Amino acid sequence: MVHQARSASTSPLGAPAACKALTVLTSADRAEIAELVVDYAYAVDEGAWSSLAALFTSDATIDYSSAGGIVGTPEEIVAWLPEALALFDWTLHSVSTHRVRDLGDDEAAGEVHVEARHGLVWEGVEERMDVTATYQDRYLRTEAGWRIASRTERTLAITGGSFAALADAARRPDRR
């Protein structure tokens, strides 16, 4: 871990800063955080729930409420997701355009673009439901490596067939 001392009153660009020293994220740190984000997508798609839980700090908060889901701890999310995804024959979460900011003190923030496809048969018709979203993340370096300390999904759109229209309406009751 590399620390670079900075003034308590200014950031590297001369703006006010809240911390006295910031950890400098290395290329290896950024690669590990990027791998963490991809591992999350695969764990959800593969139903690898214990692997999914291990990607988070034990006290993390995960917020899927913008998609009509729950807010919970890793333990609560892992208990809820199998039932929430049971209707789908398959899911395919694609993550891209990942921005990571160093927050100092072994902490980073990230924003990830997400396209999540969900395949299902609804009323006898094969459909796809596509969710376009961003993940707003906070990462912490732990003894086990970088982990997600918080994740908030910001759902931008749910599109597809009849089921997608119902899911979109359910998450946005103000637009019914």
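The values are calculated or read from the model by the stated rules, or taken from the named source; none is laboratory data. In this text the structure is predicted, and so the values were computed from the model without any measurement. Please note: Cβ atoms are built from the backbone with ideal geometry, for glycine as well, and neighbour counts cover all protein chains shown. These accessible areas exclude ligands, DNA and RNA; they are computed on the full protein's heavy atoms, side chains included. Shrake-Rupley method; radii C 1.70, N 1.55, O 1.52, S 1.80 Å.
State whether the residues of region 169-176 include one that is at pLDDT below 95, surrounded by fewer than 18 Cβ atoms within 10 Å (Cβ to Cβ) and assigned to a loop (DSSP other than H, G, I, E, B).
yes
Pull up region 65-105, narrow it to residues that are of a type in the set (D, E, K, R) and in contact (Cβ under 8 Å) with a residue 60 or more places away in the chain, then point me to the one that is nearest to V125 (Cα to Cα).
The first filter runs over region 65-105 and keeps only residues of a type in the set (D, E, K, R), leaving 75-76, 83, 89, 99, 101-102, 105.
Within this subset, residues satisfying the condition of being in contact (Cβ under 8 Å) with a residue 60 or more places away in the chain are 102, 105.
Numbers: D102: 46, D105: 51 Å.
It comes out as D102.
Looking at (1) in contact with a strand residue (DSSP E or B) (Cβ under 7 Å, 6 or more places away or on another chain); (2) not in a helix (DSSP H, G or I), can you tell me which one F163 breaks?
(2)
Checking the conditions here, which among R151, R141, R128 is within 23 Å of A34 (Cα to Cα), part of a strand (DSSP E or B), among the charged types (D, E, K, R) and open to solvent by 30 Å² or more (accessible area, probe 1.4 Å)?
R141
Residues A60, A53, A34, A41: which one is open to solvent by less than 20 Å² (accessible area, probe 1.4 Å), outside any strand (DSSP E or B) and closer than 25 Å to T155 by Cα?
Details: A60 fails: outside any strand (DSSP E or B); A53 fails: open to solvent by less than 20 Å² (accessible area, probe 1.4 Å); A34 fails: open to solvent by less than 20 Å² (accessible area, probe 1.4 Å).
On inspection, the qualifying residue turns out to be A41.
Being surrounded by fewer than 16 Cβ atoms within 10 Å (Cβ to Cβ) and assigned to a loop (DSSP other than H, G, I, E, B): is that true of L87 here?
yes
Cβ-Cβ below 6 Å, separation at least six or inter-chain, first residue in region 122-151 and under 15 Å from L52 (Cα atoms) and of a type in the set (S, T, Y), second at pLDDT 95 or above and open to solvent by 40 Å² or more (accessible area, probe 1.4 Å): which pairs?
Listed by first residue and then by second, the contacts come to S150/T61; S150/R138.
So, H113, is that one modelled with pLDDT of 95 or more and crowded, with 18+ Cβ neighbours inside 10 Å or not?
On the way: modelled with pLDDT of 95 or more: yes; crowded, with 18+ Cβ neighbours inside 10 Å: no.
When the stated conditions are applied, H113 does not pass them.
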